[in-house]
Each structure stands twice: as structure tokens, then as C-alpha cells.
Amino acid sequence: MIRRGWGVGAAALAAAVVMAGCNGDPEPVVTPSPTPTETASETPAPTPTPSPTPTALTEEEILAAIPEAARSQDFPGAQEFARFFLVAANDAMADGSSVVVDALATSSCVYCANLRELVSRTVDENITVRGGDLDLGEGLPTGGLQENGLWRIEFESETAQREFLDENGVVVATDEAQSANVTVLLTWDSGHWAVVDVDAQELTV
């Protein structure tokens, strides 16, 4: 069931939001992703309660919220910043605000632009996002400083099933649970880390 224009294009964007290219090249390349399963709910779920509009944060407030461990210009600092960013990006889906992601990203970040579009569309069309919890595991990420001066941080991640509900509480699209290798490309800019792009490659059994 598709309602209020929440069609395959928007649902595919939801699945593709972590599929921006990240191969160490300063020019990211977007890679395709599968279209998520369209679902129809036989018994409408209770109408979700709209979240209050978040108070706008200044860039200074957002930068001040970066954990101390994510502030150093070295591999431990890069990995902690990448972890902080991925959690913030995942939370943006449910919160309906990409302000934190925008403050931590470079203008060339394709992943960030896709996420911003998706978050904006969910708000405009009264779509509620449910589920999709992100688990980056306990193991240390891999990666390091690249020849082009950027830092590459790689995680193994687990993302729970995510559902998109219309204003009546009806599920209109679903992203299935996914295991993936997630790569975050970082640069050090003006005294803090900034995200150049993010890439996810699904793990198959």
C-alpha cells in the first residue's frame, strides 16, 4: 500500500541512504541499492504520536557535543568520531532532523545529501520511522590514513528492520535487517573531523 506519494522512489532512497561511494577517491560515486519491500498492514497500527519539532542547534553547540575521545587528530580519534557520526545519522531518521549530520559533513558528502533528502521527505509527508537500530559491534574498526590525506574507518554493522508508517499508522515501506561493512571517509578541517562520505556494502552469508 502506497499513500501520500510515498512510492518506490522514496522507499528506494531510504534503502540507498548509506550507499554513497567511498573508495578513497575524493569524488564519491553513488552505487545502486535494492528496492526495499513494499508492505501492506492488514490491521492498522495505532496512530503514532508526532515528535515535537527539535530546537535548532548552532554549529558551535553540535561541535561541543562531540565526545572528547573523538577530538584527537589520530586513528583513535577518527574511529570514535566515525562511530559518533554514524549513530547521529541513524538517529536523524527517527528524529526527523539532519542538523547534526549537516554540521559534521563536508559539502561534497553524497551520503549526507541523500540522508537530508530522506529526512526532509519523511517530515513533509508525515512519515514516521520505526526501528532501524544500529549496532556497530564491540570490535575495533580498521582503516587509517590514506595516501590522499583522507582517513578511512571501516566497521562491521548490524541494522535492525526499519518500517515507514503513514499518518494513520499504516506501514507503507520496510527496510529489512541488514549486516554490512560500513566505511566512513574523514578529513581534518578547522580543528575537528568532518565526513567526506559514507559507504555500506551488504554482507551475504
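The values are calculated or read from the model by the stated rules, or taken from the named source; none is laboratory data. Keep in mind it's a predicted model, so treat the numbers as computed, not measured. Note that each Cβ is placed from the backbone with ideal geometry, even for glycine, and that neighbours are counted across all protein chains shown. Heads up: the accessible areas ignore ligands, DNA and RNA and are worked out on the full protein's heavy atoms, side chains in. Shrake-Rupley method; radii C 1.70, N 1.55, O 1.52, S 1.80 Å.
So the values come out like this:
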item: The range 49-205: relative contact order as a whole-number percent, Cα under 8 Å and 6+ apart; result: 20
item: Accessible area of E202 in the full protein assembly, 1.4 Å probe (Å², nearest 10); result: 100
item: Calculated FRET value between V87 and E147, using beta carbons and R₀ = 30 Å, to 0.05; result: 0.55
item: Rough spin-label spacing in nm, given labels placed 7 Å along Cα→Cβ, for N126 and T58; result: 3.6
item: Rg/Rh ratio calculated on Cα atoms of the range 94-185 (Kirkwood radius); result: 1.03
item: Point-to-point label distance, S108-H192, nm (Cα→Cβ direction, 7 Å offset); result: 2.1
